[in-house]
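The values are calculated or read from the model by the stated rules, or taken from the named source; none is laboratory data. It should be emphasised that the depicted structure is a prediction, and the values quoted were computed from it without experimental measurement. Every residue, glycine among them, receives a Cβ derived from its backbone with ideal geometry; neighbour counts consider all protein chains shown.
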Amino acid sequence: MQSMRVGVLVAGVALAGAAVYMVQQYVGQAQAQLDRDRQTLREIGPLEKVYVVNKSVNYGDPLTPADVQMIYWPKSALPEGVFTTEAPLFAEGKSDPRYVLRQMETYEPILAIKVTEQGETAGLTSMLKPGQRAFAIKFGDAGGATNMLQAGNFVDIYWTGVDVNGIDKTMLIEGSVEVIAVDRTGAKGEGAEREATAPKAMTVAVTQEQVARLTQAQASGSLSVSLVAKPDQGIASGPVEIDTSIFGKRAEVAAPVVEETAKVCTVRKRVGTEVIEDPIPCTN
């Protein structure tokens, strides 16, 4: 009986020791995880709740409360123009949607420059600076880098056609023009599938003088574009000679050279009923 009591006591002490050991292990792991979390938070810094889209959206799409959510974002890396709890995306008591001005992907922060004011439609006039005009360039068979065009890109515009002298030419007519809209009619797919869809047309922001040149160029030939770096990145392009003959400046054409033919002198003589001309050297 005494030995049984001793055995129970020993088993109880052993179980208690095992429990204490397991608790110590759990507490140690929890403390280590807490230390790592605190270190991560110190590296990240303060966080702020910002509005993001919960799906891919394209130009002209309506943006409603069902299309957005709030996530934490480091305050040190907040983009300019984000919407937060202090600057809400939708005004309280208003049910009007906003409209998308720039394409956004899932969980991308919503910026003021990428959406209209609440209740305002997605018009191009809201994207133009004072003095600018919107000009649409249609694509007959878009391909290559044209498929990747997005609003906010900068492009060089090239003209291909026949000049006033009948010569086929391709020349640069406008450089570093900002794209403000890309028409991908019917392209409502997700991610890469949508990006691969060839655009039908694009709209660029230009001056009134550029509108006149582009209109004449589009009517007299075909236009193509190439993506370029933003002008403020300081990347200089090589020298480009721009031919202006398609805008009415004709090249001077030299007068045709007429070759002088040699003078031939003859003498006539009658042989029977026939008159024959024999060549002779000219004296003057």
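Within the bounds of the range 31-51, is there any residue that is in contact with a Gly (Cβ under 8 Å, 6 or more places away or on another chain) and either under 30 Å from residue 178 (Cβ atoms) or in a helix (DSSP H, G or I) (or both)? Looking for residues that are in contact with a Gly (Cβ under 8 Å, 6 or more places away or on another chain) and either under 30 Å from residue 178 (Cβ atoms) or in a helix (DSSP H, G or I) (or both), one finds none in the range 31-51, hence no.
Are any residues in the range 179-202 part of a strand (DSSP E or B) and either modelled with pLDDT of 90 or more or surrounded by fewer than 19 Cβ atoms within 10 Å (Cβ to Cβ) (or both), and if so, which ones? Lay out the reasoning, then the answer.
Filtering the range 179-202 for residues part of a strand (DSSP E or B) gives 179-183, 201-202.
183, 201 - these are the residues of the range 179-202 that are part of a strand (DSSP E or B) and either modelled with pLDDT of 90 or more or surrounded by fewer than 19 Cβ atoms within 10 Å (Cβ to Cβ) (or both).
Among the residues in the range 132-144, are any modelled with pLDDT of 80 or more, under 25 Å from residue 226 (Cα atoms) and of a type in the set (S, T, N, Q)? The answer is yes, given that some residue of the range 132-144 is modelled with pLDDT of 80 or more, under 25 Å from residue 226 (Cα atoms) and of a type in the set (S, T, N, Q).
Of all residues in the range 59-108, those being of a type in the set (A, V, I, L, M), closer than 23 Å to residue 152 by Cα and outside any strand (DSSP E or B) number 4. Count, please, the residues in the range 90-138 that happen to be of a type in the set (Lys, Arg) and over 29 Å from residue 215 (Cα atoms). Count: 2.
If you go through the range 102-124 and keep only what is at pLDDT below 75, under 18 Å from residue 201 (Cβ atoms) and of a type outside the set (A, V, I, L, M), you end up with just 123.
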